[in-house]
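First the structure, in the form of structure tokens, and then the observations on it.
The values are calculated or read from the model by the stated rules, or taken from the named source; none is laboratory data. All of these numbers come straight from a predicted model, not from anything done at the bench. Counting neighbours? That spans all protein chains shown, and the Cβs are built from the backbone with ideal geometry, glycine included. Ligands, DNA and RNA are excluded from the accessible area calculation, which covers all protein heavy atoms including side chains. Shrake-Rupley method; radii C 1.70, N 1.55, O 1.52, S 1.80 Å.
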Amino acid sequence: MGEQKIIKKKKQKQKQKVYNFTAFFEPAEEGGYVVSVPSLPGCLTQGETFEEAQVMAKDAIELYLQTLCDLKEEVSFESEKTIISKIPANVCFS
């Protein structure tokens, strides 16, 4: 029981700050959504509804970041100035 208190105290002492991560929600053929986070390679999840996919994405991002922290690896944050836009382009089909 004493060990659990020590672990909780260590977690409480860690500095925390909220960052925003861009997530792509792509409709899956079988239903639901597949979610990817481009700035965190390999960070993928899915949900049966958009709302569930959002919850799962937040969980996946936080677990990914905690793993990097535990491994003392650098976290790559995306720029707050990043602009995401869809660009129309003509496509020629033969």
Subject >> Unmet requirement for E26, which otherwise passes all of (1) open to solvent by less than 100 Å² (accessible area, probe 1.4 Å); (2) assigned to a strand (DSSP E or B) >> reply: (1)
Subject >> Members of the stretch 43-55 that are more than 15 Å from T22 (Cβ to Cβ), open to solvent by 70 Å² or more (accessible area, probe 1.4 Å) and in contact (Cβ under 8 Å) with a residue 12 or more places away in the chain >> reply: Q46, E48, F50, E52
**OP:** Assess whether I61 counts as being open to solvent by 70 Å² or more (accessible area, probe 1.4 Å) and in contact (Cβ under 8 Å) with a residue 12 or more places away in the chain.
**Re:** no
Subject >> Close pairs from the stretch 69-94: first of a type in the set (D, E, K, R), partner in a loop (DSSP other than H, G, I, E, B), Cβ under 9 Å, at least 6 apart >> reply: E78/Y19; E78/N20; E78/F21; E78/T22; E78/P38; E78/S39; E80/Y19; E80/N20
